Structure formats: C-alpha cells, structure tokens
Amino acid sequence: MESQKQHPRVFSFEFFPPKTDQGAESLRATRQRLERLNPAYFSVTFGAGGSTQDRTYETVIDIQQQSCAEAAPHISCIDSTRERLEKMILSYRDQGVKYIVALRGDRPSGSGSSGEGDFRYANELVALIRELTGDHFTIEVGAYPEFHPEAPDAFTDIENFVRKVNAGADSAITQFFYNAEAYYRFVDECEKRGVTIPIIPGIMPLMNYEQQARFAEACKADIPRWLAKRMEAMKEDPQGRLEYGIDVISELCQELLEAGAPGIHFYSLNKAPIVERIWHNLGLSQETGGEVRRPEEIELSV
C-alpha cells in the first residue's frame, strides 16, 4: 500500500443517466445535495448499444455547466467506431470536461451486435484519448480487486490492468467490493509490476440489499458470508437494515483510508441521504471543505 499513500486523496460520486425528464430533475436535486460535500467530480455511466448514451452526454453537460464539481463521463469502446469515439472525445474536450472514465464496457445484450467495434480493449481507448488530446484529460480506468468476471485467471487480469496504465491512464477506480483484503492484495500485485498510480476504492453503500446482491452476482463481487447473513436476517426490519449498512460501509471506508487508500469513489445509485450519512461518519467535510447536514437532518427512505 506504500504507493497509494503518496497520492492526495480524491473523493467522487457516480451517477447513472436518468431515462426520463422526471428522473433528470430528481438527479439534479441529488447532485445539488452532494455537491455541497465538495467532491472532485461526478462521474456518469454510459450504456452499451445506445441505451443511455444521449442521456449520458446531457447529464455530463448539465453538471459541467451548473455544478461547482467537475463532470467525468464514462466512455466505453465496445460496439463503437473510431469515428464515433473521436467525435465524442473531442466534443467533451471542447465543452471543457477534464476527466474521462475510459472503459471497455459491457457487451450489448439482445441487440444482435457482435459487441466488437473498432476497439476491443480499454487500453486501446486510453491510447486513442491520449493520441487525440494529449494531456488534456485526467483518464480514469477500471480496476477489479476480485478480478474481472471474463478474465481467464487472476494474473491475466492484472496484466490487462497494467496495459491500461502503460497506455496513459492517470488513475483507477475499482469495481465495488466489501472485502478490504481483496483491495490490499490487488494493490500489492500492482506494485510488484511497477504500477504506482492512484487506485481509488469504489464503494457501493448498502441501500437495497437484494438489488445489490444481484449486482454483485453479475460482476462476481464477493459479499462476505457474515454480511449476507446479517442483511438477510434483518429483512423484516428495513430501517434497522439501513442503519446497519451505513455502519458497515462507514467502517470499511475508514479502514481503507487509514490503510492509505487515495480517496473513495461512491457508487451513489442517484441517491444522497445514505452517502451523506457515511460522509458525516467519516468526517470528510473537514478534509474537503464541504458542508454536510447533521445526521438528524438526513431522512433515510426505506
């Protein structure tokens, strides 16, 4: 973890693009609450096969123009042409966007597409961004402490990550995890290969356990047995379950930061209250200069 301790800590939040105008208004209200915490940026996910790509662009530009925080659009290269990617990258540059989260992306399902496009891997997308824009963007890439579900083995997955770094990535955001040891081991393996860029833990607060258990199964993220059993046992006490989840995630984030993690990237699921409570528990407003409501002022919706 020594490589991570040398970096300044960065805190950020992830949104997914809304599908309706009402959803856009709701997300804007969430963003206005979370920007009071003074994050470095808000990232916005990108749907494969055109499902939410236009909404991603609209959301990014809204953040860029209306928020005090930077916008960080996700761009995935799967199932896309070089021409389309170049147009998107240059458009974001011209809009003053400074961050890009560069990903391979998920293969589109049910579209009849091969899911290949002109680029197959995220390192190729990173190289394209550097070719087109030099050092204009801070490029974030994905990292998988519990390994990418399509990786043939752990060592191949690490080598794939190293390729993204060598192509020009500035830092990485991990897939969400609930096992700190997986993160520590991943960082150690990267250090052995000379990788010292910031590897920021991606943390998904426990909001809707059943939904998040499905997310975890899909991306092969491990939910520790002790946590799964406790959450299942509290199914009939949703308020208590939320409070317990806040405590668990607060303790996880505190452990990671004390160990030297260079910040936290919160997968917000477009909701503010639970993230605000965790932020308060960690005392992060003193570090970022942001403002946070007192716990009694934050209403948790079950």
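Couple of notes before you dig in:
- The residues packed around ASP188, meaning those with a beta-carbon under 12 Å from its beta-carbon, carry a net charge of -1 if Lys and Arg are +1 and Asp and Glu are -1.
- Between ARG214 and LYS19, the modelled labels are 1.2 nm apart [label points 7 Å from Cα along Cα→Cβ].
- Local net charge near LYS98, Cβ-Cβ under 14 Å (Lys/Arg +1, Asp/Glu -1): -4
- Under 14 Å, Cβ to Cβ, from GLN254 - net charge with Lys/Arg +1 and Asp/Glu -1: -3
- Table column - 3J(HN,Hα) (Hz), segment 165-172, Karplus curve with 6.51, -1.76, 1.60, x for Gly and Pro: 5, 5, 6, x, 5, 8, 7, 9
- Here the chain is assigned +1 on the Cβ of each Lys and Arg and -1 on the Cβ of each Asp and Glu. Its dipole about the Cα centre then comes out at about 220 debye.
- Selected from GLU255, GLU83, GLU159 as most flexible by GNM, with the chain as the system and alpha-carbon contacts under 10 Å: GLU83
- Long-range HN-HN contacts of GLY263 with modeled amide H, under 5 Å: VAL10
- Förster-model FRET efficiency, 22 Å R0, GLU150 and SER91, C-beta, rounded to 0.05: 0.15
- For segment 248-301, pairs of C-alpha atoms spaced more than 12 angstrom apart make up 67 percent of the total.
- Projecting the Cα positions of TYR209, THR156, PRO39 onto the charge dipole of the chain (unit charges on Cβ atoms of Lys, Arg, Asp and Glu, taken about the Cα centre) puts PRO39 furthest along the positive direction.
- Fewest neighbouring Cβ atoms within 10 Å first, the residues GLU70, GLU14, GLU181, GLU191 line up as GLU181, GLU191, GLU70, GLU14.
- Spatial extent of segment 143-302: Rg and Dmax, with the Cα atoms as the point set, Å: 16.6, 49
- Close amide H pairs (under 5 Å, H built 1.01 Å from N) link SER43 with PHE13, GLU14, PHE15, ALA72, residues at least 5 positions away or on another chain.
- Long pairs among LYS98/LYS229; LYS164/LYS235; LYS19/LYS87; LYS87/LYS220; LYS87/LYS192; LYS192/LYS271, criterion Cα-Cα beyond 31 Å: LYS98/LYS229; LYS164/LYS235; LYS87/LYS220; LYS87/LYS192; LYS192/LYS271
Bear in mind that the values in this text are calculations on the coordinates, not laboratory data. Since the model is a prediction, treat every value here as computed from it, not as a measurement. Note that we place each Cβ from the backbone using ideal geometry, even for glycine, and neighbour counts take in every protein chain shown.
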